[in-house]
1. Please count, across segment 57-102, the pairs of lysine residues with Cα atoms under 23 Å apart that sit 8 or more places apart or on different chains.
2. Testing the spin-label approximation: label points 7 Å from Cα along Cα→Cβ at E59 and V76. State their distance in nm.
3. Could you compute the net charge surrounding A88? Neighbours are other residues with a C-beta less than 15 Å from the C-beta of A88; K and R count +1, D and E count -1.
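What follows draws every value from the coordinates through simple rules; no lab data is involved. The structure displayed is predicted, hence computed values, not measured ones. FYI the Cβ positions are ideal-geometry reconstructions off the backbone, even for glycines, and counts take in every protein chain you see.
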Amino acid sequence: MIRVRKPKALILLMICLFSAVFSLERSFGQQITPEKQEKSLQAESKPEKIIPSPKNIKERTALYVFIGWMWLAIFVLIFILRLKIKEADRLYRLKFFLKNKK
């Protein structure tokens, strides 16, 4: 008896190739013309000075609160992970998951 395999991999490969071909075709058609490039280069000749800092005390406080919450979340997740590891070690020492139970 001959088994017929479902061509899932072949169909997936064809879909990937099909999408890759049509995505490349669109990207080549949307190139900037040299006239627009020259205009954009002329407009970019005056760089704007950007100062990366909060504008007022409210934004500064919000930034510190955000950083504080991020560190608190990291510490809580590390604490929970340590508890899980301790529990797994305890079960391993008790040989809880052995196949040959008496």
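1. Close lysine pairs under the 23 Å cut-off: 5.
2. 2.8 nm
3. Spelling it out: positives minus negatives among the neighbours equals +4.
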